[in-house]
Amino acid sequence: MAETINIAKMAEKLSTELFNDFHWERVGPANANWECVDERHSEKTHPSDVVFYYDNPYALSRTYVTCDLKSYAISSITKNAIAIAATRLARSLSCAENSTDWQNRYLHQNVSAEICALLFVYNHDGDYDSNFQNLVSSIDYQKLEVPPGSKLFVLGPKDIFWLNNVRYDIVYMRGNGELPPKQKCAFHYPNLVRKKNVQPEKAKAATLEMLTGPWIIMEYQPLTGAARRGFLIYYRPRGEHIEEFLYLIDYILHYQILDEDTDVHIKTIAPDPNSHSRFGRAIDQYVHE
């Protein structure tokens, strides 16, 4: 029993350490059961392993993430197990949006709240190398009771491995004096054509949309040179095609990340052996076009 509890705690500890460096905050009690308010669920309570929150860059609202933290051995990561967990989490999300009990435990007053759900699937023995996305894609989303307009995210073993490597690199660079303290760093959200970053001073966190996207961009003020800006881009794809680098370069230039007073560093983890030369050719092609 003690070993099982310790294994379950591994996912909670990792998630807290991981999301802390992406500027998420924990709120309310962990491992809590709260009242189910939908009789169709045939359950008295729903669980929230942990709830995080962050402020949204493109809306005057705050996102609350109710999490189901799974710490599985390789033999437990199956299509059926993931489908069951996603189904239960979707029901939990549906109830959280209407449950006074849940909202009294986790929501702040005088804040416009958006609630989403996260299924966090950690492989504690480190042996899982199958295509987790195939398991997720096989879930019948029509049967999940996700409320209209709400979101349910799934992070699998490879997603968590990637994010933990990004977090580790940020911590290492900060400890090595290459990055300033956390309060002088923020994840970057440019003003879009139809969306403006409406609370840049508060919305410094990496949103779930960024964490599940192809790159993570952090902006910071370098330790030397107060007039300069620094950008650190963690690029997830392996760099197997010139076209993907052309898209990245276009994004960097379009949103004015690169100028004469800016330092831009791009980092990858386990890139394709020829990715560096492809990136150079992508720069040449972009300039030529």
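The values are calculated or read from the model by the stated rules, or taken from the named source; none is laboratory data. If you're wondering where the values come from, they're calculated on a predicted model, not measured in any experiment. Using ideal geometry, Cβ is built from the backbone for each residue, glycine included, and neighbour counts are taken over all protein chains shown. The area values use the complete protein model at the heavy-atom level, side chains included, leaving out ligands, DNA and RNA. Shrake-Rupley method; radii C 1.70, N 1.55, O 1.52, S 1.80 Å.
Taking +1 at the Cβ of each Lys and Arg and -1 at the Cβ of each Asp and Glu, which of 81, 103, 10 sits farthest along the dipole of the stretch 1-103 towards its positive end, judged by Cα position relative to the Cα centre?
Farthest along the dipole direction, towards plus: 81.
Return the lysines within reach of residue 79: Cα separation strictly under 29 angstrom, same-chain partners fewer than 8 residues apart disregarded; answer none if there are no such residues.
Qualifying lysines at Cα under 29 Å: 9, 13, 44, 70, 143, 151, 158.
Can you give me the relative contact order of the chain as a percent, contacts being Cα pairs under 8 Å and 6 or more apart?
On the way: 446 pairs, mean separation 46.1, N = 289.
Normalised by residue count, the contact order of the chain is 16 percent.
Nearest 500 deg cm²/dmol is fine: what mean residue ellipticity at 222 nm does the chain get from its DSSP H runs of n ≥ 4 alone, each adding -39,500 (n - 2.57), divided by its residue count? Present the calculation step by step, with values, prior to reporting the outcome.
Numbers: 8 runs with 100 residues, N = 289.
The per-residue figure over the chain is -11000 deg cm²/dmol.
How far, in degrees from 0 to 90, does helix 157-175 lean away from the longest principal axis of the Cα atoms of the chain, to the nearest 10?
Compared with the principal axis, the helix lies near 50 degrees.
Which percent, to the nearest 5, of DSSP beta bridges fully inside the chain are antiparallel?
On the way: 22 of 44 bridges.
The answer is about 50 percent antiparallel.
For the stretch 1-125, what's the relative contact order in percent, using C-alpha pairs closer than 8 Å and at least 6 residues apart?
Relative contact order here is 29 percent.
Can you give me the accessible area per residue for the stretch 160-208, using a 1.4 Å probe, in Å²? Walk me through the intermediate numbers first.
Values: 2790 Å² over 49 residues.
On a per-residue basis, the stretch 160-208 sits at 57 Å².
Which percent of the accessible heavy-atom area of the chain goes to carbon and sulfur, probe 1.4 angstrom? The partial results should precede the final answer.
On the way: 7710 of 15690 Å².
Ligands and nucleic acids excluded, carbon and sulfur give 49 percent.
Counting heavy atoms of the protein chains only and a 1.4 Å probe, report the per residue accessible area for the stretch 1-139 as a whole number of Å². Please report the intermediate quantities before stating the final value.
On the way: 6810 Å² over 139 residues.
About 49 Å² of surface per residue is accessible.
At residue 256 and residue 131, where each label point lies 7 Å from the Cα along Cα→Cβ, what is the point-to-point distance in nanometres?
Inter-label distance under the simple model: 4.2 nm.
Using heavy-atom solvent-accessible surface (probe 1.4 Å) with all chains present, what is the largest-first order of 37, 154?
37, 154
Once you place label points 7 Å from the Cα toward the Cβ at residue 287 and residue 10, how far apart are they in nm?
For residue 287 paired with residue 10, the spin-label model returns 4.9 nm.
Top to bottom by accessible area (1.4 Å), largest first, where do 238, 167, 88, 40 land?
On the way: 238 100, 167 40, 88 155, 40 180 Å².
If we order 238, 167, 88, 40 from most to least accessible, we get 40, 88, 238, 167.
Got the relative contact order for the stretch 60-201 handy, in percent, Cα pairs under 8 Å and 6 or more residues apart?
Numbers: 148 pairs, mean separation 42.5, N = 142.
Relative contact order here is 30 percent.
Residues of the stretch 74-99 with amide nitrogen under 14 Å from the 7 Å Cα-to-Cβ point of residue 37?
Those under the cut-off are 92-99.
Peptides 263-272, 97-106: what's the order by average Cβ count within 10 Å, highest mean first? Mind dumping the intermediate values first?
Numbers: 263-272: 14.0, 97-106: 16.4.
The densest-packed peptide leads the list: 97-106, 263-272.
Within the stretch 44-145, what percent of beta bridges assigned by DSSP are antiparallel, to the nearest 5? List each step's numbers first, then the result.
Values: 6 of 17 bridges.
Antiparallel: roughly 35 percent of the beta bridges in the stretch 44-145.
What figure, in Å² to the nearest 10, do you get for the accessible area of residue 279 with a 1.4 Å probe and non-protein molecules left out?
Ignoring ligands and nucleic acids, residue 279 comes out at about 60 Å².
Specify the angular offset, from 0 to 90 degrees and rounded to the nearest 10, of the alpha carbon long axis of helix 275-288 from the longest principal axis of the alpha carbons in the chain.
60 degrees
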